[in-house]
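First the structure, in the form of C-alpha cells, and then the observations on it.
Values quoted throughout were computed directly from the atomic coordinates according to the rules given, and no laboratory measurement underlies them. Model, not experiment: these values are computed from the prediction. Virtual Cβ from ideal backbone geometry, glycine too; neighbours counted across all protein chains shown.
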Amino acid sequence: MAFYIVILGLPGAGKGTQAELVAKRLNIRHISTGAIFRENIKNKSELGKQVEKILARGDLVPDAVTNEIVRTGLHDPRSGKGVIFDGFPRTSGQAEALDSMLKEMDQMITCAPYIQVPENVLVKRLSGRWTCRQSGHIYHNEFNPPQEKGICDVDGSELYQREDDKRETVERRISVFMDQTEPLVSYYQQQEKLLKINGDQYIETVTDDLLQGIKGKSQ
C-alpha cells in the first residue's frame, strides 16, 4: 500500500523533522517544496532563477509553479511507495490541485496529521534557532546547541540567525501561518482525513503517535 500524507503545523511545530522520520519509518519519499526551491536557487537552475526573482520581490511563488514541482515529484520513481508532503499544500486551492493529481494516479491522501504546539512554546523554539550557512543544519541555543558556539558541528561553517527566526518575525510568521493553516485544517477535517497530534512531547513520542495515527487512518 502507498501512503500519501500531508503534514500540517505552525512554524516550529516540527513538521520537517517528523516528515523525515516518518518517511524513513514508512520507506516513503519526503517532498519539501521549500527545500526544492532552496536547492534550485543554490544550483542556479532555471527554476531557481525564476523562484529567486519572485522571492526577491517579496511575492509568493505562484501555485502553478509549485503545483508543477509537486506533479513532477509524484511521477518520480522514488515516489512509488508514497510521499509525505512538507510545506505543501499551503492553500485550499493547492490541496484541491493535489487531490486532482493523485486522482489521475488512482490514489488519494491517506491522512493529514496536524502537529499542535502552544504558541508560546513555538516562539521559544524558533527564536533560539541558528542555521548553518553552508548546508542548512539547524541548531538551538537550548535544545540542540553546537559543540562550539557559532560553528556547525558537521562542516565547520558559521552559524547565523535567519531573519525569520528573530522573535518579532517569529510572532508575525505564526500569526500569518495560523490564518493560512486554518482553512487547510477545515479542508481535511471535512474529508475526515485530519489527524490531530500533540507536538509538545519528546520527538520520539510524536513520531510514534504519528505512525500509529497514520496506520489507523490507512485501514
- Message: Given axes a ≥ b ≥ c from the Cα gyration tensor, I'd like to know whether region 124-200 is rounded (a/c under 1.5), prolate (a/b larger than b/c) or oblate.
- Response: prolate
- Go through region 101-110 residue by residue and turn each phi into a ³J(HN,Hα) via Karplus (6.51, -1.76, 1.60, θ = phi - 60°); whole Hz please, and just put x for glycine and proline. 4, 5, 4, 4, 9, 6, 10, 8, 5, 6
- Whole-Hz couplings from phi, Karplus 6.51/-1.76/1.60, listed for region 52-61; x for Gly and Pro: 4, 5, 5, 5, 5, 7, x, 8, 7, 5
- Query: Rounded to the nearest 5, what % of the DSSP beta bridges within the chain are antiparallel ones?
  - Reply: 30
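Beyond 23 Å between alpha-carbons counts as too far, so tell me which of K196/K217; K24/K53; K103/K217; K15/K49 fall in that bin.
From K196/K217; K24/K53; K103/K217; K15/K49, over 23 Å: K24/K53; K15/K49.
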- the chain - Cys residues lacking any other Cys C-beta under 4.7 Å: C111
- Quick one: net charge of Q201's neighbours, Cβ under 12 Å, K/R +1, D/E -1? -4
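Enter the mean projected area of the convex hull around the alpha-carbon atoms of the chain, in nm², rounded to one decimal. The partial results should precede the final answer.
Numbers: hull surface 48.9 nm².
Across all orientations, the chain yields a mean hull projection of 12.2 nm².
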- Take the alpha carbon gyration tensor of region 101-158, find the square roots of its eigenvalues, order them as a ≥ b ≥ c, and report rounded if a/c is under 1.5; if not, report prolate when a/b exceeds b/c, else oblate. oblate
